[in-house]
Amino acid sequence: MKRALTALATLAAALALAGCATVPPSPPAPAIIEVAAWGGTPASTAAPAQPIRKITLHHQGEVWKDGTDVAAYLRRLQQWSRLTKRWADIPYHYVIAPDGRIYAARPLQQPGDTNTEYDPRGHALLMLVGNFEVQQPTPAQLDAAVQLTAWLARQHGLGLDDIASHKDYSAQTVCPGKHLYAHLTSGWFKAEVARRLNGR
């Protein structure tokens, strides 16, 4: 990855010297609250790192109540995932709270888990808390999801066609909920990601 970023920077400099259009700057890395900061424990990452080929949006599927302690929720989710489901960790790689804060969950190098029939290997899984069949994602959540998606897309060499939602891969779910899914079907979400990728 470091070599790829160095090559990109070298290409941008060469194009600038030649008077050509430069490569847009990479979207800034979003602030991410690490697992230790919310009181979680790290998952085992002994398996080889998965290549990221897709970015997939999810919702929590439960109505989120104002004032809920996000860190406490994540600790409960981690315990349930490991002890009840016997998964390696929280099934998602990132969790986005209503205030726009992004929390690290499962290590990105480790494939996620799902209760449905799709295969999440190669997917970076982003989950926004809330039930978006009945609630609306907040503007801060949407902005954070756009920022995180653009950053991941640039880091892993992905395009807009590599961005989708859980229900695009599974007939067994309404996830990420109609009110979040509408931002995908309208084209708004990918257009905002494109703006970030183009340095705007």
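The values are calculated or read from the model by the stated rules, or taken from the named source; none is laboratory data. Because the structure is a prediction, the values reported are computed rather than measured. As a convention, Cβ positions derive from the backbone with ideal geometry for all residues, glycine included, and neighbour counts pool all protein chains shown. Protein only, heavy atoms only, side chains kept; ligands, DNA and RNA dropped before computing areas. Shrake-Rupley method; radii C 1.70, N 1.55, O 1.52, S 1.80 Å.
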Inset, instruction - Between R200 and N115, with labels modelled 7 Å along Cα→Cβ, what's the label distance in nm to one decimal, could you check? - result: 4.1 nm
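Counting only DSSP beta bridges with both residues in the chain, what percent are antiparallel, rounded to the nearest 5?
20 percent
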Legend entry - Estimated D of segment 24-66 in µm² per second, where Rh is the Kirkwood radius over Cα pairs and Stokes-Einstein applies at 10 °C, 1.306 mPa s: 107 µm²/s
Legend entry - Lysine pair number, Cα distance threshold 25 Å (strictly under), the chain, separation 8 or more or different chains: 12
Inset, instruction - Any chance you could give the angle, 0 to 90 degrees and rounded to 10, that helix 188-197 forms with the longest Cα principal axis of the chain? - result: 50 degrees
Legend entry - Between 0 and 90°, nearest 10: helix 2-17 axis offset from the chain longest Cα axis: 40 degrees
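At 222 nm, what value in deg cm²/dmol follows for the chain if DSSP H runs of at least 4 each add -39500 (n - 2.57) and the sum is divided by all its residues, to the nearest 500?
Values: 5 runs with 62 residues, N = 200.
Helices in the chain give a 222 nm mean residue ellipticity of -9500 deg cm²/dmol.
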Legend entry - Note, ³J(HN,Hα) from phi for segment 169-185, Karplus 6.51, -1.76, 1.60, rounded to Hz, x at Gly and Pro: 10, 9, 8, 9, 8, 9, 4, x, x, 4, 6, 8, 4, 4, 6, 7, 5
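Quick one: with all protein chains in place, what share of the accessible area of the chain is carbon or sulfur, to the nearest percent (1.4 Å probe)? Don't jump to the answer; show the numbers that get you there.
Details: 5600 of 10140 Å².
Roughly 55 percent, rounded to a whole number.
If you roll a 1.4 Å probe over the heavy atoms of the protein chains, what accessible area per residue do you get for the chain, in Å²? Each step should come with its number before you reach the end.
Working: 10140 Å² over 200 residues.
Each residue of the chain exposes 51 Å² on average to a 1.4 Å probe.
Ordered by packing density, taken as the mean number of other Cβ atoms within 10 Å over each peptide's residues, highest first, how do 44-51, 135-142, 148-155 rank? Could you put the intermediate results ahead of the total?
Numbers: 44-51: 10.8, 135-142: 17.8, 148-155: 22.0.
Top of the packing list down: 148-155, 135-142, 44-51.
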